[in-house]
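Encoded as structure tokens, the structure appears first; notes follow it.
The values are calculated or read from the model by the stated rules, or taken from the named source; none is laboratory data. Since the model is a prediction, treat every value here as computed from it, not as a measurement. Cβ coordinates were reconstructed from backbone atoms using ideal geometry, including for glycine residues, and neighbour counts include every protein chain displayed.
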Amino acid sequence: MSKTEDLNEKLVQGYESMLASIVSLTRETEETALPALKELTAKAHEKAVELGELSREEADKVSRFLQRDILDAAHFLEESSQDFKTWLKFDIKQAETRLLDAFLSVADRTRTRTELAGFNRNTSPQEEYHTGEICGAGTLTCVQCGKELHFKKPGHIPPCPACKGTLFKRA
């Protein structure tokens, strides 16, 4: 495996680990009050760095990717009468149940405007996904040609296989 592939796999594993930490921290504090997602992401970030899973720079990247994906899902759930399966744009059974359950639990808890304001008052859903980033399960569409990329679990976003485009949007 090349150094780039090793780094990409490390970032994907970091994404999954930080998401699991956010879910765990959310469950621990849910009975008293739901802390802001930004605070939970910061705790998961620090845990990943302390455990040596990721460098601080790598954890910064993964935190941004997680926040983007959770906000996208939360905004979709808030503004739509459709379910999470529609946001993913493929059958949930095809994906890893553990990861999707974790992601859904965080996105669902994040969907009210009050909770989103606590996450980041000036944040709107990030609509752009770029080659080289990590994204969670779901479908991305190439902005240039419309080709869909399907992710059954967190993964590295490659260039578009059809046109080599590097900019995507959630389908």
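Residue count for the range 142-170 under the criterion of being within 21 Å of Y15 (Cα to Cα) and not aromatic (F, W, Y): the result is 14. Scanning the range 55-67 for residues that are more than 12 Å from P154 (Cβ to Cβ) and not acidic (D, E) gives S55, R56, A59, K61, S63, R64, Q67.
Condition check ((1) hydroxyl-bearing (S, T, Y); (2) at pLDDT 85 or above; (3) under 16 Å from the mean Cα position of the chain (by Cα); (4) closer than 15 Å to A137 by Cα) across all residues:
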| residue | (1), (2), (3), (4) |
| --- | --- |
| R27 | no, no, no, no |
| L34 | no, no, no, no |
| E46 | no, yes, no, no |
| E58 | no, yes, yes, no |
| Q67 | no, no, yes, yes |
